[in-house]
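Novice: Take a look at the following structure, please.
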Amino acid sequence: MTDKILILPGDGIGVEIMAEAVKLIERLKADGLDVELEHALVGGAAYDACGKPLPDDTLTLARQADAILLGAVGGPKWEPLDISVRPEKGLLGLRAELELFANLRPAMLYRQLASASALRPEIVAGLDIVIVRELTGGIYFGQPRGVRTREDGQREGFNTLVYSESDIERVARAAYDIAMKRDRRLCSVDKANVLECTELWREVMIRVGRDYPQVALSHMYVDNAAMQLVRDPKQFDVIVTTNMFGDILSDEAAMLTGSIGMLPSASLDANGKGMYEPIHGSAPDISGQGVANPLATILSVAMMLRYSLAQADMAERIESAVGRVLDQGLRTPDIFTDGCRKVGTAEMGDAVVAALGEK
Ligand code: IPM
Ligand code: MG
C-alpha cells in the first residue's frame, strides 16, 4: 500500500532544506519507493496564513500520514507573539497530539568531518551515540504553568516538572530496545540529588531494566553528563533523559560532530509512527541565502525509511550517498574546512541524489 508522507517545511531554512529532501524522495519514487507526498503549513508560516501555528487541517493530515517530515519552525518575526501562538507551539502541539514520546537523536561523527569538530579529533573520532529524549511530558507540558501575581504585587513565573511512572516506563522501554540493538549500554541522566521527580525517574529506569538484563544501566546527574559529553563523549552508547535535559544535551552532543547541520532525529509513538526532523532550528541568520546544510534533513529521510516505512535498504543507500558526497570534499559553510569545496544547499542536495547511484 502507498505510504503517505506529510511534508511540513515550516519556517526559515526549513523551506530550503525541505526542497532538497523532496528532491531526494522524488528520485527514490522513480526507483520504486511507493509513497505519496502531501504538503501543509506549520509554525510561523501557518500563523501568517491562518492565525494558528498548528492549523486543524495540518493536524488532520498529520494524523492520517504514515510519517511526517518537518523542516524547522520559528524566527524573530514571531517572537513578539503571545507564547500560545508562537511557531514552537506548532511543533509542540504535533508532538503532544500524536503522542510522539520517544525522541531519538543520534550524534554520529562522519570520519570526514573530524576536523570540523570544536574538539580534538582523538576525542570525537568514531563517536556514535544516541540520545533518547522524552518528548511529550516533563516541564515542557506540566501543569500548572504561567505567570501570576502574588499577594505582595510581585509577579512570579512557574512551570511544573511532572512525570508519571507510565510516562517514564514507556520511554525507558524505547531506550532499552535501542540499547539492545547497539552496544547495550544505557546511561540514564537525571537530577535525582535535587528533584524528586527524577528520583522516581531513576527508580523506574532500574525497575524496567530487570526486563533487560543484557543492558548495562548507569546513572548520571545532568550537570556531570554535560561535562562528560565534552570530556570523553565516547564513553556513552545510549543516553535516556527527560524532555528538557534532552533538549539541552542533544544540542551539546550535536556540536561534537562538527555541525548541528548534520544531525537527523526521529520522534516516535508507541506504534512506530513518527515525525522526522533535523535537530537544528530555522536559523534565521542564514535563511534565504541558499547556504543551509540539507544533510540533516536528508538523513532524517533515511531515518523515516528505516523506522516508519520499513525500507532499511533505501535508508542505507541514502546514508552511503551522504558519505560519498563528503568523501568528494563537498561542504556547506557550516562544515567547511580548508581544502574542501564550498557548496550551497541545492548543490549539496543534487550531489546526494547523484551519489545514490543505480538502484
Ligand atoms: C528542539 C527544539 C524545540 C524544543 C523548540 C523549537 C520548541 O529546541 O526540537 O530541540 O525545545 O524541543
Ligand atoms: Mg532544542
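The values are calculated or read from the model by the stated rules, or taken from the named source; none is laboratory data. Fair warning: this is a prediction, and the values are worked out from it, not measured in the lab. Glycine gets a Cβ as well: all are built from the backbone with ideal geometry, and neighbour counts include every protein chain shown.
Novice: Could you tell me whether the range 187-209 includes any residue that is at pLDDT 95 or above and within 16 Å of ligand 1 (Cβ to nearest atom)?
Specialist: The answer is yes, given that some residue of the range 187-209 is at pLDDT 95 or above and within 16 Å of ligand 1 (Cβ to nearest atom).
Novice: Please determine whether any residue of the range 276-294 is within 13 Å of ligand 1 (Cβ to nearest atom), of a type in the set (Val, Ile, Thr) and either over 23 Å from LEU113 (Cβ atoms) or assigned to a loop (DSSP other than H, G, I, E, B) (or both).
Specialist: Yes, the range 276-294 contains at least one residue that is within 13 Å of ligand 1 (Cβ to nearest atom), of a type in the set (Val, Ile, Thr) and either over 23 Å from LEU113 (Cβ atoms) or assigned to a loop (DSSP other than H, G, I, E, B) (or both).
Novice: A further question on this structure: Given the criteria touching a strand residue (DSSP E or B) at 6+ places or on another chain (Cβ under 9 Å), exposed (fewer than 15 other Cβ atoms within 10 Å of the Cβ) and acidic (Asp, Glu), does GLU199 qualify?
Specialist: For GLU199, the condition - touching a strand residue (DSSP E or B) at 6+ places or on another chain (Cβ under 9 Å), exposed (fewer than 15 other Cβ atoms within 10 Å of the Cβ) and acidic (Asp, Glu) - is met.
Novice: Would the range 111-134 turn up any residue that is within 16 Å of ligand 2 (Cβ to nearest atom), basic (Lys, Arg) and either modelled with pLDDT of 95 or more or surrounded by 13 or more Cβ atoms within 10 Å (Cβ to Cβ) (or both)?
Specialist: Checking the range 111-134: at least one residue is within 16 Å of ligand 2 (Cβ to nearest atom), basic (Lys, Arg) and either modelled with pLDDT of 95 or more or surrounded by 13 or more Cβ atoms within 10 Å (Cβ to Cβ) (or both).
Novice: I need a count of the residues in the range 36-69 that are surrounded by 18 or more Cβ atoms within 10 Å (Cβ to Cβ) and more than 14 Å from LYS89 (Cα to Cα).
Specialist: Looking only at that region, the number is 8.
Novice: Still on this structure: Among the residues of the range 330-339, count how many are assigned to a loop (DSSP other than H, G, I, E, B) and either under 24 Å from the mean Cα position of the chain (by Cα) or over 20 Å from LEU256 (Cα atoms) (or both).
Specialist: Selection size over the range 330-339: 3.
Novice: For the subset of the range 87-142 comprising residues that are touching a Phe, Trp or Tyr at 6+ places or on another chain (Cβ under 6 Å) and in a loop (DSSP other than H, G, I, E, B), which member is nearest to GLU199 (Cα to Cα)?
Specialist: Checking each candidate, the answer is GLY137.
Novice: I'd like the residue in the range 263-275 that is within 15 Å of ligand 1 (Cβ to nearest atom) and out of contact with any Asp or Glu (no Cβ under 7 Å at 6 or more places or on another chain) and, out of all such residues, is nearest to GLU122 (Cα to Cα).
Specialist: Here is the first cut: in the range 263-275, the residues within 15 Å of ligand 1 (Cβ to nearest atom) are 263-268, 274-275.
Checking which are out of contact with any Asp or Glu (no Cβ under 7 Å at 6 or more places or on another chain) leaves us with 263-264, 266-268, 274-275.
Details: LEU263: 20, PRO264: 24, ALA266: 28, SER267: 31, LEU268: 33, GLY274: 35, MET275: 34 Å.
Among those residues, the one meeting the criterion is LEU263.
Novice: Still on this structure: What residue, of LEU104, LEU92, is within 30 Å of LEU41 (Cβ to Cβ), of a type in the set (A, V, I, L, M), without any contact (Cβ under 8 Å) to a residue 60 or more places away in the chain and within 16 Å of ligand 2 (Cβ to nearest atom)?
Specialist: Being within 30 Å of LEU41 (Cβ to Cβ), of a type in the set (A, V, I, L, M), without any contact (Cβ under 8 Å) to a residue 60 or more places away in the chain and within 16 Å of ligand 2 (Cβ to nearest atom) holds for just one of LEU104, LEU92, which is LEU92.
Novice: Also, quick follow-up: What is the residue count in the range 170-196 for residues that are over 23 Å from ILE129 (Cβ atoms) and surrounded by 14 or more Cβ atoms within 10 Å (Cβ to Cβ)?
Specialist: 1
Novice: Across the range 237-262, what is the number of residues that are more than 13 Å from ligand 1 (Cβ to nearest atom), surrounded by 21 or more Cβ atoms within 10 Å (Cβ to Cβ) and either without any contact (Cβ under 8 Å) to a residue 40 or more places away in the chain or under 22 Å from ARG170 (Cβ atoms) (or both)?
Specialist: Within the range 237-262, residues that are more than 13 Å from ligand 1 (Cβ to nearest atom), surrounded by 21 or more Cβ atoms within 10 Å (Cβ to Cβ) and either without any contact (Cβ under 8 Å) to a residue 40 or more places away in the chain or under 22 Å from ARG170 (Cβ atoms) (or both) number 3.
Novice: Here is a check on your reading of the model: is LEU127 touching a residue at least 12 places away in the same chain (Cβ under 8 Å) and out of contact with any Pro (no Cβ under 7 Å at 6 or more places or on another chain)?
Specialist: No.
Novice: Is it the case, given these coordinates, that SER218 is within 12 Å of ligand 1 (Cβ to nearest atom), in the same structural domain as ALA174 (by TED's automatic domain parsing) and not hydrophobic (A, V, I, L, M, F, W, C)?
Specialist: When the stated conditions are applied, SER218 does not pass them.
Novice: Could you please find all residues in the range 88-142 being out of contact with any Gly (no Cβ under 9 Å at 6 or more places or on another chain) and among the polar types (S, T, N, Q)?
Specialist: Answer for the range 88-142, where residues must be out of contact with any Gly (no Cβ under 9 Å at 6 or more places or on another chain) and among the polar types (S, T, N, Q): just THR136.
Novice: Out of (1) part of a helix (DSSP H, G or I); (2) within 25 Å of LEU104 (Cα to Cα), what's the single condition that is false for ALA346?
Specialist: Here ALA346 clears every test but (2).
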